[in-house]
1. Report, to the nearest 10°, how far helix 401-413 tilts away from the longest principal axis of the Cα atoms in the chain, using its own Cα long axis and a range of 0 to 90°.
2. Can you compute the FRET efficiency between Lys385 and Phe77 using 1/(1 + (r/R0)^6), with r the Cβ-Cβ distance and R0 = 30 Å? Round to the nearest 0.05.
3. Note the angle between two axes, namely the Cα long axis of helix 12-21 and the longest principal axis of the Cα atoms of the chain, as a number of degrees from 0 to 90, rounded to the nearest 10.
4. Which of Leu383, Pro449, His203 sits farthest toward the positive end of the charge dipole of the chain, with +1 on the Cβ of Lys and Arg and -1 on the Cβ of Asp and Glu?
5. Excluding residues fewer than 8 places away in the same chain, name every one of the lysines whose C-alpha is closer than 30 Å to that of Lys251.
6. Expressed as a whole percent, how much of the Cα-Cα distance distribution for the range 41-172 exceeds 25 Å?
7. Would you mind counting up the charge near Ile324? Only other residues with Cβ under 12 Å from its Cβ, with Lys and Arg at +1 and Asp and Glu at -1.
8. To the nearest 0.05, what FRET efficiency results for Asp450 and Val137 with a Förster distance of 41 Å applied to their C-beta separation?
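The values are calculated or read from the model by the stated rules, or taken from the named source; none is laboratory data. Just so it is clear, the model here is predicted, and its values are computed rather than measured. Cβ placement follows ideal geometry from the backbone for every residue including glycine, while neighbour counts extend to all protein chains displayed. With ligands, DNA and RNA removed, areas are computed over all heavy atoms of the protein, side chains included. Shrake-Rupley method; radii C 1.70, N 1.55, O 1.52, S 1.80 Å.
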Amino acid sequence: RSVRGWRHSFPLSHSLFFLSQRREMKYVLVTGGVVSGLGKGVTASSIGVVLKACGLRVTSIKIDPYLNTDAGTMSPFEHGEVFVLDDGGEVDLDLGNYERFLDIKLTRDNNITTGKIYQSVIEKERRGDYLGKTVQVVPHITDAIQEWIERVAMIPVDGKEGPADVCVIELGGTIGDIESMPFIEALGQFSYRVGPGNFCLVHVSLVPVLKAVGEPKTKPTQHSVRGLRGLGLTPNILACRSDKPLDVIVKEKLSQFCHVPVANLITLHDVTNIWHIPLLLREQKAHETLLKLLNLQGCAKEPWLEEWMSRAKLCDTLHDPVRIAMVGKYTGFSDSYLSVLKALLHASVACRKKLVVDWVLSSDLEETTAKEAPESYKAAWKLLKGADGILVPGGFGDRGVKGKILAATYARQNKVPYLGICLGMQIAVIEFARSVMNLREANSIEFDPDTTTSVVIFMPEGSKTHMGGTMRVGVRRTYFVSGDSKSAKLYGNVRFVDERHRHRYEVNPSMVPEFERAGLAFVGKDETGKRMEIIELPSHPYFVGVQFHPEFKSRPGKPSAVFLGLIAASCGQLDAWLQASGQQNNLTTHASSNGFVTPKKIYHNGSLKKPSKSLLTNGKLHANGTGVHA
């Protein structure tokens, strides 16, 4: 039955109730044209935010046309970071955007790849499911794509029972790519099958401004839409990426040549931070257009985005910097550490600091670089020594390991706040063994299989012959050994935490007693007590290593505890945060009037309450004086 018919018979609360009970799913497809890297993922996430703000439940699917079954074996240089889900799915980084924007938990099946589809069809063919028929791209591959979409769209991802109301689907790549053709055909069939009112296509395209001419050029978008229509899909909404907002004349021209109403043309111009994108959509009434196209006008409310507005404005007003040196080997491509950057941003906004990341190529810190490229060597050490905090993220392989160990040594000896993630924790353990315990041959089996002092070993359950899907990956539980540690306090003095992992190597459990006698504390362990999860140096202001990847669960309104600790320690606020966490409810965060999460001890109802000296610089309050964060 049409949802539209309810709007005059029932109040909004009843309409929302019936909407949640209905079985008919609504789909929003986001495609991209002209060039890659336009921000389809952020656009899809922002559409989800606006629909969620309207009172609808939203889920997301990302389609990647490559042949890999997942992103687990792909180079960060080529494809950006591998994002890890609760169920151990190694997926495209855009799913990280969906989870952060919508505060949901997706599954590995929410990422569709050509490899997964072909694998499932071939397995069916081998079982004889097709009854001897000739298996072809059409209809078998296209049917499999549609079935996958419908099945995954029904999986709840927001912690509530029952399916979502709207499924936002992002098609990776650019219209015209050969590898995406089966998906285009399948989605064309799918839009016809689910029918008008249940399917909406948003096409993201580029409207460039040539410097020689100085005016927006619509021809690239015209050709992109023409190609899309030629493949059987007609855009309902055009999201135009540009440097500046498009004027009415340009919109009218695009409307005329692309057959899209002017009201359905949205300008997504460059902004100071991506938290402004949902606000841009709301300002241009994109939610009204979407609700009209999906026949949901009577079943949704006006979008409430005050928290997003406060967060976006607050981020723009921060001027007092906190400098973090990111010491890694993928520093030439920031998407390689996208979730780490987002987690640092969430924590820095919580502390009301402007995040400044100094990229330090770990190999540039090594003595060989001092001989071969002395300028690079000096520049790298200058950045490291000028940082307020040091972060060594995860990674694989031995390239740049010596530089990472040198960074850990510098942080430990000079009392500079340090956070090591996965490999970064193992680096800290190796450095401690060599420098403090005088075990000069201490190393990881990963870097030196023949080492006589293996402080980091290969996990027994790992595979040495197959690389894909053979790691300890996904959510695992970490139990705190003591509530006195900084990590335990930052997490709220809880007994355990569930964090996402992705690793093949671990600290050698047989050497733990020796480490502890030397002063290294293992404050978090797995359920067996044999796998080390969190390390700390009690004598250091903040020297923490974690075997898991806390960045994957950090959210704009809920920053990761250990990232928050790093930023707070780097700007002199750690004592205040630790003190706040020790109050009545132990971790105590408080939803202030502006929707931001803040420590109760420091903030109350959005205003400062007797700030400690650590929150002051030269006698002045940091940032703009109202409640924190995001």
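1. 60
2. Numbers: r = 27 Å, r/R0 = 0.91.
The formula returns an efficiency of 0.65 here.
3. 80
4. Checked the options; the winner is His203.
5. Within the straight-line limit of under 30 Å, Lys251 reaches these lysines: Lys26, Lys40, Lys52, Lys62, Lys211, Lys217, Lys219, Lys285, Lys292, Lys301, Lys313.
6. Values: 2555 of 8646 pairs.
Result for the distance tail: 30 percent.
7. Numbers: positive: Arg323, Lys353, Lys354; negative: Asp358, Asp388.
Around Ile324, the surrounding residues sum to +1.
8. On the way: r = 50 Å, r/R0 = 1.22.
Once the sixth-power term is evaluated, E becomes 0.25.
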